[in-house]
Amino acid sequence: MPETNHQIRLAARPVGLPKDSDWEHTEEPLGEPGDGEVLVRVNYLSLDPAMRGWMNEGRSYVPPVGLGDVMRAGGVGTVVASGHGDFAAGDHVVGQTGIQEYALLDGAGLTKVDPSLAPLPVYLGTLGMPGQTAYWGLLDIGRPEAGQTVVVSGAAGAVGGVVGQIARIKGARAVGIAGGEAKCRHVVDELGFDACIDYKAGSVATELRRHCPDGIDVYFDNVGGEILDACLAQLAMRARIPLCGAISQYNSSEGMQGPRNYMSLLVNRASMTGFLVFDYADRYGEAAREMAVWLQEGRLKTFEDVASGGVQAFPDTFLRLFRGENLGKLVLEVAPA
Ligand SMILES: NC(=O)c1ccc[n+]([C@@H]2O[C@H](COP(=O)([O-])OP(=O)(O)OC[C@H]3O[C@@H](n4cnc5c(N)ncnc54)[C@H](OP(=O)(O)O)[C@@H]3O)[C@@H](O)[C@H]2O)c1
């Protein structure tokens, strides 16, 4: 085992897209686990759009990452030493590891996972937080009925790809919105959506009218901005919009653009409901069991985009999310198990 641990810390609060000078690369001696603690060697890190929000000052659903702190991130890793009775060396665990090679963590925040059931990166994607987000946002808030039309943006991504597949499992039509022809082909051919609109190729509004002639019953919003406005304009009566995220706005230095077409909610007696996946923490087991069965049956496919380069590669790899360069769940390999 090495004696030092390498980390990426937040050095400055970014304006717009994070740049190299917003990060500090540090190294420090490896600690030993105290009572109740576990030392974890990080195998894969989860790179999530929400991390951009955690870098900002101000009130949110979690406190901002402090300047000088190791960047907050989920990860999956291998226990190397344990001071907690529930964990032993060799166990695989998911937790808030942060962007570093080793993490000394409170055992209370860790969940064991089994790499013989699914490869470790899947526990950061479909069988992890993004899969839970898709499941609960769609089924608890979107509540699609068989035959209804579900539209999801970010359709080739970690959350969106699962949303459309679950919509199909529940008998609804799934229409994706994604950037570029290759992603749209993936969404239809690999994920089995009924259609996918390339928002970079033309008018989303025109394509929505073509693919959703009876209106949108559920719009699962991952991106906000103009795509949200286009979907609002095409809502069916009593439509539901699970408000999951607004990635098109996360790097705006001029403040967020709100929806212009929101009167469509009134006209159509529709609703738009924000949610956080953590609200469903006590029901994660329920969703994980059902999704694991769908995976085994081949009804749910999972795609992980595994980037290499270790923690040093984090600053640039993170930006792939905002450049649309990931297909499926973006993870950074630190040290394969
Ligand atoms: N509420 C919650 O609890 C919760 C939990 C997890 C995630 N989320 C949110 O869910 C959304 C998706 O997250 P994810 O982890 O699944 O990420 P992801 O979709 O795997 O990756 C991000 C994708 O967003 C798209 N994108 C980037 N900039 C865009 C822009 N300006 N306009 C339109 N699309 C853009 C890109 O795809 P294209 O190439 O198609 O543009 C990119 O590949 C995010 O908004 C995230 O914050 C919310």
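Observations
- Residue in the stretch 221-231 that is out of contact with any strand residue (DSSP E or B) (no Cβ under 9 Å at 6 or more places or on another chain) and open to solvent by 30 Å² or more (accessible area, probe 1.4 Å) present: yes
- Count of the stretch 198-227 residues, restricted to those that are of a type outside the set (Ser, Thr, Tyr), out of contact with any Gly (no Cβ under 7 Å at 6 or more places or on another chain) and either without any contact (Cβ under 8 Å) to a residue 60 or more places away in the chain or more than 15 Å from the ligand (Cβ to nearest atom) (or both), is 18.
- Restricting attention to the stretch 55-94, the residues that are part of a loop (DSSP other than H, G, I, E, B) and hydrophobic (A, V, I, L, M, F, W, C) total 9.
- Looking at the stretch 120-215, the helices (runs of 4 or more DSSP H) lying wholly inside it that each contain 1 or more residues that are surrounded by fewer than 24 Cβ atoms within 10 Å (Cβ to Cβ) and touching a helix residue (DSSP H, G or I) at 6+ places or on another chain (Cβ under 6 Å) sit at 129-136, 204-211.
Table: residues versus (1) small (Gly, Ala, Ser); (2) modelled with pLDDT under 95; (3) within 24 Å of residue 247 (Cβ to Cβ); (4) in contact with a Ser or Thr (Cβ under 6 Å, 6 or more places away or on another chain).
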{"position": "31", "(1), (2), (3), (4)": "yes, yes, no, no"}
{"position": "55", "(1), (2), (3), (4)": "no, no, yes, no"}
{"position": "76", "(1), (2), (3), (4)": "no, no, yes, no"}
{"position": "80", "(1), (2), (3), (4)": "no, no, no, no"}
{"position": "84", "(1), (2), (3), (4)": "no, no, no, no"}
{"position": "120", "(1), (2), (3), (4)": "no, no, no, no"}
{"position": "130", "(1), (2), (3), (4)": "no, no, yes, no"}
{"position": "133", "(1), (2), (3), (4)": "no, no, yes, no"}
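- Filtered by the rule that a residue be in a loop (DSSP other than H, G, I, E, B), out of contact with any Leu (no Cβ under 6 Å at 6 or more places or on another chain) and under 22 Å from residue 329 (Cα atoms), the stretch 20-54 gives a lone residue, 48.
- Condition broken by residue 286, with the remaining ones in (1) open to solvent by 60 Å² or more (accessible area, probe 1.4 Å); (2) closer than 27 Å to residue 184 by Cβ; (3) of a type outside the set (S, T, N, Q) satisfied: (2)
The values are calculated or read from the model by the stated rules, or taken from the named source; none is laboratory data. These numbers come from a predicted model, not from an experiment. Every residue, glycine among them, receives a Cβ derived from its backbone with ideal geometry; neighbour counts consider all protein chains shown. Surface areas here come from the heavy atoms of the whole protein model, side chains and all, with no ligands, DNA or RNA. Shrake-Rupley method; radii C 1.70, N 1.55, O 1.52, S 1.80 Å.
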